[in-house]
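Student: One structure follows; several queries about it will come next.
The values are calculated or read from the model by the stated rules, or taken from the named source; none is laboratory data. Note that the structure is a prediction, hence the values are computed from the model and not measured. Cβ: placed from backbone, ideal geometry, glycine included. Neighbour counts: every protein chain shown.
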Amino acid sequence: MNRLTFILCVLSMLLPRGAGLAGQRLPQRWVYLQTNLLVDKNVDDALALLDRAAKAGYTHLAVADSKFTRWDSQGPKYVANCARLRRACTRQGIFLAACVCGMGYSNGELGHDPNLAEGLPVKDAMFTVRGGGLAASDTIEAVNGDFEQHKGDSPAGWSFVDQPGKISFIDTRVFQHGKASLRMQDVGAGDPRHGNARACQGLSVQPFHYYHVSVWVKTDNWRGGETRIAVLAPGGVSLNYHEPRIAATQDWKPLDITFNSLEFDKVNLYLGTWGGQGGKIWWDNLQIEPAGLVNVLRRGGTPLKMVSQDGRTVYVEGKDFARIADPKLGNFPWPGEYTAWHDQPKVAIPAASRLREGQTVKLSYYHTAIIHTGQVPACMGEEKLYDILKWELERTRDGLSPDGYFLSHDEIRIAGWDESCQAVGKTPGGVLAANMARCAKLAGQVNPGKPLMVWSDMFDPFHNAGPKGWYYLVKGDGPWNGSWKHLPAGVTVMNWHNHTPGRVESMRHFAALGNKQVLAGYYDGPVGRISQWLSDARGIEGVIGVMYTTWKHDYSNLEAFNAEVNKFLEGRR
C-alpha cells in the first residue's frame, strides 16, 4: 500500500457517517424539466437553466415535451430548437434524457389514434329509436336538484349537507333556476379542522351503466381547496376523478362529469369541497341522465353490440343502424385532448333497417374516462400502440439525439376492463410487466446501448403496485401487484416514494431487484426533506443520485437543493 492510499483509507474511516451512501457519492444529479420546445423563449429559459444547473453541480437533465409524440406536425423550427438544447447539453457536459412512452399520461400517443384509450364497459344500456335516430333512454333522476324544497337551510331529498345554517345555506335571492340555490361559505371558519362543505344524495343506478351529471355553479372569492362532484360507491370507491375547472370568482356556469357505475347498484353523489377556506360558492339545477355514446371507443378490443330487448335479435351496424363513432373523441380542441362531456354523437337509422320508430334496444359498448383535468391512459393490450411507441422513439432519436430514454410509466389510472386487456389472460400488473419489458426492448432496438430510466410508482408494492386495494378505475383488488416482475435490472428507477411510511421498504425493494435508483426529491417542498430521505437510504445499495423534481416549473431552489445534498454527504446534516 503506497502512502497516498494509506492516507485515503484513514480519512475514509474518520469521515462522518453521512459522508457516504451505500458506498456512493451520488454521482448523478438530475433536473426534471417539463416544457414546450416549440416556443423560442422556453428554449432560452431551458439553456439558462442548464447554465445554472451546471454551475451548481448537476449532471443530468430529463426533459418532457408532449411534442415528442408529434414530430410529424411540428416543422423545422421545432427540430432546430431541439438541436439547440442538444448542443447546450453537450457543451455543458450534461446527460440529456428524453421522456417518452407515456403509459399513464398517454394523450400525446393517443393523438395518433384516440380509440386506443383504455375503456370501461357499458352493458345493456337502453336506447330508443326516435325521429330516425337513436337516443339513450335509461331513466334516472336527481331528487330536488334545484333545491326548491327545503326546511330552513336543509334541502329535502338530500342525505345531508354539512352544517346547515353555518356553512350551508338555502339562498332564495341568488339562483340560476327556479327560486333557490344551495350556498356554501366561510368553510375554513365553520370547519377549521377539515374544511369540508358537502351536500350528499344517494342514487340507485344500474351496474355497468354510464351517466352524465351536470350542475350550475357560481363563485365569489372562493378558496375551496378540492372542489368537485364526487361519486362514491360502497367502501368509499370513487367512480369519478374528473375535476372541472372552477374560477375563484365566476358567474353561473355549468359543470359536467360522467361516471360508470361498474359493478355497483347504489352510489352517493357529493357536491362540495374538501379542505375549503373562504369565500362563497352556489350550486343549482343538478341533473342526471344517461351519458349515451359520448367518448365511445371503436376498436377490436372494445366491441359494440346491439340487441332487441329480449336479446333474441342482433342488429347489424351499417345495415340496421349507421356506424357509431364520436367525432370529438380525443380530438377536441386538438388531437389527444379528451373532454368529459360534449354533444351526443348522432346515430342514424337507415330506411331499410329492421328497427322501428319507438322501439327500444339494448346496447353494449365501451367508453373512456377523464382523470383529473385531462389525463387519459392508452390500452397496453393493443398492438397498434407499439407501432406508435416505436415511431415516437425513432423520431425522438433522430430529432433530439438523447443520451438516454426516460420511460414515462406512472400513475396508470384506468386498465383491465376492455377485451384487449382481458384477451391476454393477465392481471393489469401482468399486462404492465409485459409492456415494460417490451418498451425497454423497443428502446434498445431503436437506439442500442442507451441508458433507460423509469418512474418507480407503478412497480413499487409499497406505492401504487400494492397487493390490496382499489386503484382509481383499474380493475381488481391490488391490480398492479407483480408489475415489477419483468423490470429489466439495467433500468434506473427514478424513485419518487419520498414519504413515510414505506419509502425505506420501497428503496430496499428495488435494490433487491438489482435496479439502480435516483431519488426524485424536492416536489416543490422544503429542500431539507431530501436529507431525511438520504438518511433513510443509508446502507441501501444502488442509490446513485437525486433529482430536483418540480411540477410547478419552480427552479428557485435549484442551487439550494443540491447544496443540501452536499451538506448531507459531507456530514453537515
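Student: Which one is surrounded by the most Cβ atoms within 10 Å (Cβ to Cβ), of the residues in the range 192-250 that are free of Cβ contacts under 8 Å to residues at least 40 places away in the same chain and over 25 Å from the mean Cα position of the chain (by Cα)?
Tutor: Checked the range 192-250; the qualifying residue surrounded by the most Cβ atoms within 10 Å (Cβ to Cβ) is Q250.
Student: Read through the list (1) of a type outside the set (S, T, Y); (2) part of a helix (DSSP H, G or I); (3) touching a residue at least 40 places away in the same chain (Cβ under 8 Å), then give the number of the only condition that G358 fails.
Tutor: The failed condition is (2).
Student: While we're here: Just to check your reading of the model, which residue among L513, L519 is buried (at least 20 other Cβ atoms within 10 Å of the Cβ) and of a type outside the set (D, E, K, R)?
Tutor: Values: L513 fails: buried (at least 20 other Cβ atoms within 10 Å of the Cβ).
Every option except L519 fails the conditions.
Student: Any residue in the range 154-168 that is assigned to a loop (DSSP other than H, G, I, E, B) and within 28 Å of L293 (Cβ to Cβ)? Reasoning before the result, please.
Tutor: Of all residues in the range 154-168, those assigned to a loop (DSSP other than H, G, I, E, B) come to 156-159, 162-163, 165-167.
Filter once more, so that each one left must be within 28 Å of L293 (Cβ to Cβ): none.
Within the range 154-168, not a single residue is assigned to a loop (DSSP other than H, G, I, E, B) and within 28 Å of L293 (Cβ to Cβ).
Student: I'd like the residue in the range 406-429 that is over 22 Å from G300 (Cα atoms) and of a type in the set (D, E, K, R) and, out of all such residues, is surrounded by the most Cβ atoms within 10 Å (Cβ to Cβ).
Tutor: D410
Student: Now for a separate question. Taking strands (runs of 3 or more DSSP E) that fall entirely within the range 76-141, which contain at least 3 residues that are not assigned by TED's automatic domain parsing to the domain that holds W391?
Tutor: Working: elements: 95-100, 120-130, 133-136.
Filter on the range 76-141 gives 120-130, 133-136.
Student: Here's a follow-up. State all residues of the range 454-472 that are hydrophobic (A, V, I, L, M, F, W, C) and surrounded by fewer than 22 Cβ atoms within 10 Å (Cβ to Cβ); if no residue qualifies, say none. Spell out the reasoning first.
Tutor: Filtering the range 454-472 for residues hydrophobic (A, V, I, L, M, F, W, C) gives 454-455, 458-459, 462, 465, 470.
F462, W470 - these are the residues of the range 454-472 that are hydrophobic (A, V, I, L, M, F, W, C) and surrounded by fewer than 22 Cβ atoms within 10 Å (Cβ to Cβ).
Student: How many residues, within the range 273-299, are in a strand (DSSP E or B), closer than 30 Å to N221 by Cα and touching an Asp or Glu at 6+ places or on another chain (Cβ under 7 Å)?
Tutor: Step one: of the range 273-299, the residues in a strand (DSSP E or B) are 273-274, 278-290, 296.
Within this subset, residues satisfying the condition of being closer than 30 Å to N221 by Cα are 273-274, 278-288.
Right, trim to touching an Asp or Glu at 6+ places or on another chain (Cβ under 7 Å) and you get 273-274, 278-280, 282, 284-285, 288.
Counting residues in the range 273-299 that are in a strand (DSSP E or B), closer than 30 Å to N221 by Cα and touching an Asp or Glu at 6+ places or on another chain (Cβ under 7 Å) gives 9.
Student: Filter the range 305-363 down to the residues that are of a type in the set (F, W, Y) and closer than 30 Å to Y241 by Cβ and list them by number.
Tutor: The first filter runs over the range 305-363 and keeps only residues of a type in the set (F, W, Y), leaving 315, 321, 332, 334, 338, 341.
Scanning the range 305-363 gives F332, W334, Y338, W341.
Student: Condition check: on the phi < 0 side of the Ramachandran plot, modelled with pLDDT under 95 and touching a strand residue (DSSP E or B) at 6+ places or on another chain (Cβ under 7 Å). Does N515 satisfy that?
Tutor: Values: on the phi < 0 side of the Ramachandran plot: yes; modelled with pLDDT under 95: no; touching a strand residue (DSSP E or B) at 6+ places or on another chain (Cβ under 7 Å): yes.
No: the conditions fail for N515.
Student: Further, regarding this structure: Could you count how many residues in the range 268-280 are crowded, with 24+ Cβ neighbours inside 10 Å and of a type outside the set (G, A, S)? Lay out the reasoning, then the answer.
Tutor: So in the range 268-280, the residues crowded, with 24+ Cβ neighbours inside 10 Å come out as 269, 271-273, 276.
If we keep only those that are of a type outside the set (G, A, S) too, we end up with 269, 271, 273.
Final tally of qualifying residues: 3.
Student: Of the numbered conditions (1) touching a Pro at 6+ places or on another chain (Cβ under 9 Å); (2) over 30 Å from Q287 (Cβ atoms), K390 fails exactly one; give the number of that condition.
Tutor: Only one criterion is unmet by K390, namely (1).
Student: Quick check on the range 430-438. Is at least one of its residues surrounded by 22 or more Cβ atoms within 10 Å (Cβ to Cβ) and more than 21 Å from G490 (Cβ to Cβ)?
Tutor: Within the range 430-438, one or more residues are surrounded by 22 or more Cβ atoms within 10 Å (Cβ to Cβ) and more than 21 Å from G490 (Cβ to Cβ).
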